1. Measure off 7 Å from each Cα along the Cα-to-Cβ vector at GLN115 and ASP27, then give the distance between these two points in nanometres to one decimal.
2. Got a number for carbon plus sulfur as a percent of the chain's accessible area, 1.4 Å probe?
3. Taking the Cβ of ALA63 as the centre, find all other residues whose Cβ is under 14 Å away and add up their charges (Lys, Arg: +1; Asp, Glu: -1).
4. Local charge sum around SER157 (other residues, Cβ-Cβ under 14 Å, Lys/Arg +1, Asp/Glu -1)?
5. Please work out the Cα center distance from the stretch 139-175 to the stretch 92-106, rounded to the nearest Å.
6. Rolling a 1.4 angstrom probe over the protein heavy atoms, how many square angstrom per residue are accessible across the chain?
7. For the chain, take the alpha-carbon Rg, divide it by the Kirkwood Rh, and send me Rg/Rh.
8. What is the extension gain from LYS77 to ALA139, computed as 0.36 nm multiplied by their sequence separation minus the C-alpha to C-alpha distance, in nm to one decimal?
Amino acid sequence: MNTIHSRKLILMRHAKADYPLGVADHDRPLAARGHREAPAAGAWLVENDLIPDYIICSDALRARATCAWVLSELGEKGPTPYIDSRIFTAGVSQLCSIINEVPDTVSCLLVIGHQPVLQELALRLAAMDSDEEAVYELAMNYPTLGTTVLETSHPYSHLDARDARVTHFTAPRPA
């Protein structure tokens, strides 16, 4: 299929979180490993010329901290993120609906959120002409900082199922 893909959607799981006693799940901070590894996700985006012009991030502390590290790597190119409290508890249909709200003028959207919904959405959106190895990898395991890149010619408002081609799946780690 030789479809022209004009928009990119990047689904990124937050970095490794800590499990401190007495801290609610929503308020869990990044673990030391998460702080070490999160900048690699931003560096990977820069290295692959995947600079988002719009970011939607879960309001959970670990997602916001991951976003801050990613933005530190993007520098002045990084947009101000939109923090969306719905992402933390969203199921796959609700997360898809949140993405459907994104203006069609956005060419590269980054969503920073949680498992299992990111993996489920990536699989739901994966078109038949997706990179088979990338789809297999993301279906088998979606680790912290798991990042799926999808391309589509559809407006974000029309994304639903099998509408985007998976081009990459990675979990960036520092060298």
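The values are calculated or read from the model by the stated rules, or taken from the named source; none is laboratory data. Keep in mind that what you see is a predicted model, and the values were worked out from it rather than measured. Quick reminder, even Gly has a Cβ in these numbers, built from the backbone with ideal geometry, and neighbours come from all protein chains shown. Keep in mind that these areas ignore ligands, DNA and RNA; they rest on the heavy atoms of the full protein, side chains included. Shrake-Rupley method; radii C 1.70, N 1.55, O 1.52, S 1.80 Å.
1. The modelled label-to-label distance comes out at 2.5 nm.
2. 51 percent
3. Spelling it out: positives minus negatives among the neighbours equals +1.
4. So the surrounding residues net to -3.
5. Comparing the Cα centres of the stretch 139-175 and the stretch 92-106, I get a distance of 14 Å.
6. About 47 Å² of surface per residue is accessible.
7. The Rg/Rh ratio comes out at 0.94.
8. That pair, LYS77 and ALA139, stretches by 19.2 nm at full extension.
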